[in-house]
Protein chains: 2
Amino acid sequence: MTADAAIARLVAHPRFRAAVATLAREHDRTVADIVTLTEIPAPPFGEAARAAAYLGMLRAHGLEEVEQDAVGNVMGRRRGTGNGRAVVVAAHLDTVFPAGTDVRVRREGTRLFAPGVGDDTRSLAVNLAFLRAMDAAGLRTRADLLLLGDVGEEGAGDLRGVRHFFTEGRHRGQVDAFLTVDSPEVDRIVIGGIGSKRWRVAFRGPGGHSFGAFGLVNPSYALARAALALAALPAPAGSQTTHCVSRIGGGTSVNAIPDEVWMEVDLRSRSAEALARLEAGFLDSLQAAVAAENAARSTREGGITLALTPIGDRPAGETPPDAPIVRLATAAVAAQGFVPRHEYSSTDANIPMSLGIPAIKIGSGGRGGRAHSLEEWIDVEPGESLRGMAASLATILAVAGVELE
Amino acid sequence: MTADAAIARLVAHPRFRAAVATLAREHDRTVADIVTLTEIPAPPFGEAARAAAYLGMLRAHGLEEVEQDAVGNVMGRRRGTGNGRAVVVAAHLDTVFPAGTDVRVRREGTRLFAPGVGDDTRSLAVNLAFLRAMDAAGLRTRADLLLLGDVGEEGAGDLRGVRHFFTEGRHRGQVDAFLTVDSPEVDRIVIGGIGSKRWRVAFRGPGGHSFGAFGLVNPSYALARAALALAALPAPAGSQTTHCVSRIGGGTSVNAIPDEVWMEVDLRSRSAEALARLEAGFLDSLQAAVAAENAARSTREGGITLALTPIGDRPAGETPPDAPIVRLATAAVAAQGFVPRHEYSSTDANIPMSLGIPAIKIGSGGRGGRAHSLEEWIDVEPGESLRGMAASLATILAVAGVELE
């Protein structure tokens, strides 16, 4: 049976219709959950309060093995009819907004305004709605569903929640597919993860008085050489490989040779191999830049040295367009009248993709905008919202092997 | 009469001996004035409270025309026997220490510890002691003495007090010599002013997402080119010409091409001409760096532009070693048993030197150390202190044309 046929059969089935009717009937509750969760701050590395609330919600939804892991992810199991292999349905707990941000929700008609409301708090609430809909309709899947609220998706969080889940967590090795529900749009199916490596590079030297110690090595010039070397590294367009010196700083006074300057560098690629090659070239060029400065000026008080700190490591990866998970999601989105698109981005799915586990990002339904800004909003208008939720629910059920009769 | 002979005659004179006896008798009062003034904070651009106190002290010492000028300098005149031409005797009011620094004086034996105690607060008090000593001994000079407590000598103050005095003040054009009493050491006579020009250079561009906008111009690379161009500019050792990229900064996020980065640059020379040539080369190289970056990457969202802010301008200058002011000071220092040295530095004397007015820096006497640090100290032990004060008092009297019989 093709993916289109499987989805057509699913969405026409009375149990699926019953599930969608439950989503509609419970929509106000879902919106109330969005507001409740959005108003619990979840800054980077500060997800604990929201995690605790979500843990309680997972338990209230009747899941088994509800627990919090060592890095702060919360999860629970909806047992399937099969052998215990699992499909993960995730949403991330963290927002990009720092502690102290006003996260109260303002409602205007069917629009909700608040930092983080769409990225990714709506998905946390929608995943609970999916559980209620499946339960009410008696929908079972062969695979277990592992509902996951994960930490550390944004920025410096560096995917640490899902990374831990797949590398240290007790479910590692038992997962056959990973679906992250992230942001409202259901038509944009992310099937590839842009890999990124981020480094903070400090160049250190003896420093000294700008006049009295003139002639000593200056770490600013080593940094300058390294920056220009990075700018000149090849960036093959086919693999969408990019590099950037993004932030710089250092020095103590206008009348002093700095004893330390630093730069932050962002390296990305769709291709894990191209990313590794780029990073190797970058690290080589740092050594060359230091050597050149140590040769250009006096090291009698000490030479320039490097201090490298990794500040980001998101593996590249992709799920092939013809993988069943992609075909099913594409069919499920199309079945609700959307025009599905396959995209590359950096999401929680990067981690399983990089491990060869089928993984995609799907949507929570409805419209939204201005993510990562204080004006972030979503529209919870029921028609559009439910159409999107139906697409994602169908994807989850199909990927997990729904039992129909 | 040679300088040595003139000084020898002066220091042997009963009136000079009487003046030195007054310094000795009043030493405790001088120390008390040091403590009083040190404990009035005088951070950069915040000298008002100390200036007001010093204004009162100048008035109490019987000076005429005691006043504060438009930039905050305080001054008064001790009338001479001549035609009203003047010799300035200055000390600077400001310290390098920011508002809020604990400036209470701690005394251990003959040592006083406090930020700014030696640089240059001691000199403010010592100049008052000189007035009392001259008055008590009936010592008159042909030139008027203009006692000056000036603002803005340190760092970003950029010599604004003395600059104003000589370019805008009402005494400009009437000054024949300038003596700044700055820091304790009397053996180190500053006869040349290192000129400096300081610039803050911002490189601005359109910015953008490090991945999505890859290929756009990046201001970090323009800065890097400009830094390396500066490092490569000639710095003729004979003129003690130096340059330095001292502080850098900019960028907003590791995943963004910066929309602005900046660097601070310090250019110095003993030679005004070499400094001007260096600065012209630097400014040219900035334009070249911007042009190179705009040629290297896409300007479709806008090109790199420059924003230049001058943050320091201290003119170079020198008083010839054979100028009478230098010969007299050298002889006066030697007459007290010190080994005089001629030095170049950046002091309030830069300004009159650059205008061709004979100017040097002399000392307030005694020992001291750790200037510009929170552990700054001076030693007010009377023997060494009075020997130094006698040297500087003799210099002032000789330069101003003391009337002996």
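Quick one: B:ASP322 ticks every box in (1) of a type in the set (D, E, K, R); (2) free of Cβ contacts under 8 Å to residues at least 24 places away in the same chain; (3) not assigned by TED's automatic domain parsing to the domain that holds B:SER183 bar one, so which box is it? Condition not satisfied by B:ASP322: (3). Considering the range B:183-196, and only residues there that are within 11 Å of chain A (Cβ to nearest Cβ) and in a strand (DSSP E or B), the residue that is farthest from B:ILE248 (Cα to Cα) turns out to be B:GLY195. Scanning the range A:49-63 for residues that are of a type in the set (D, E, K, R) and surrounded by fewer than 22 Cβ atoms within 10 Å (Cβ to Cβ) yields one hit, A:ARG59.
Taken as a whole, the range B:107-122 holds at least one residue that is at pLDDT 95 or above, closer than 30 Å to B:ALA18 by Cβ and in contact with a Pro (Cβ under 7 Å, 6 or more places away or on another chain). Take the conditions (1) free of Cβ contacts under 8 Å to residues at least 40 places away in the same chain; (2) outside the structural domain of B:ALA329 (by TED's automatic domain parsing); (3) surrounded by fewer than 24 Cβ atoms within 10 Å (Cβ to Cβ); B:THR241 misses just one of them, which is (3).
Among the residues examined, B:SER385 does not qualify as assigned by TED's automatic domain parsing to the domain that holds B:LEU179, in a helix (DSSP H, G or I), among the hydroxyl-bearing types (Ser, Thr, Tyr) and within 18 Å of the chain's Cα centre (by Cα). Within the range A:258-300, restricting attention to residues that are in contact with a Leu (Cβ under 6 Å, 6 or more places away or on another chain) and part of a strand (DSSP E or B), the residue that is farthest from the other protein chains (Cβ to nearest Cβ) is A:SER298. Please indicate, with yes or no, whether at least one residue in the range A:206-222 is over 20 Å from B:SER253 (Cα atoms) and away from chain B (no Cβ under 12 Å). For the range A:206-222, residues over 20 Å from B:SER253 (Cα atoms) and away from chain B (no Cβ under 12 Å): present.
The set of residues in the range B:334-355 being closer than 19 Å to B:GLY193 by Cβ and either over 13 Å from the mean Cα position of the chain (by Cα) or outside any helix (DSSP H, G or I) (or both) consists of B:PRO340, B:ARG341, B:HIS342, B:GLU343, B:TYR344, B:SER345, B:SER346, B:THR347, B:ASP348, B:ALA349, B:SER354, B:LEU355. Anything in the range B:199-220 that is assigned to a loop (DSSP other than H, G, I, E, B) and on the phi < 0 side of the Ramachandran plot? List them, or say none. The answer is B:GLY205, B:PRO206, B:SER210, B:PHE211, B:GLY212, B:ALA213, B:PHE214, B:VAL217, B:ASN218. With respect to the conditions (1) within 13 Å of another protein chain (Cβ to nearest Cβ); (2) touching a Lys or Arg at 6+ places or on another chain (Cβ under 9 Å); (3) in a helix (DSSP H, G or I), B:GLY238 lacks only one, and its number is (1).
Can you tell me which of B:ALA329, B:ALA390, B:ALA349 is at pLDDT 95 or above, open to solvent by less than 50 Å² (accessible area, probe 1.4 Å), farther than 30 Å from A:SER210 by Cβ and of a type outside the set (Ser, Thr, Tyr)? The unique qualifying residue is B:ALA390. Residues in the range B:66-91 that are touching a residue at least 60 places away in the same chain (Cβ under 8 Å) and over 28 Å from B:PRO324 (Cβ atoms): B:ASP69, B:ALA70, B:VAL71, B:GLY72, B:VAL74. Only one of the numbered conditions (1) under 15 Å from the mean Cα position of the chain (by Cα); (2) at negative phi; (3) more than 9 Å from chain B (Cβ to nearest Cβ); (4) not small (Gly, Ala, Ser) is violated by A:THR167, and that is (1).
The values are calculated or read from the model by the stated rules, or taken from the named source; none is laboratory data. All figures in this text were calculated on a predicted structure; none of them were measured in a lab. Here the Cβ is made from the backbone with ideal geometry for all residues, glycine too, and neighbour counts use every protein chain on show. For accessibility, only protein heavy atoms count, side chains too; no ligands or nucleic acids. Shrake-Rupley method; radii C 1.70, N 1.55, O 1.52, S 1.80 Å.
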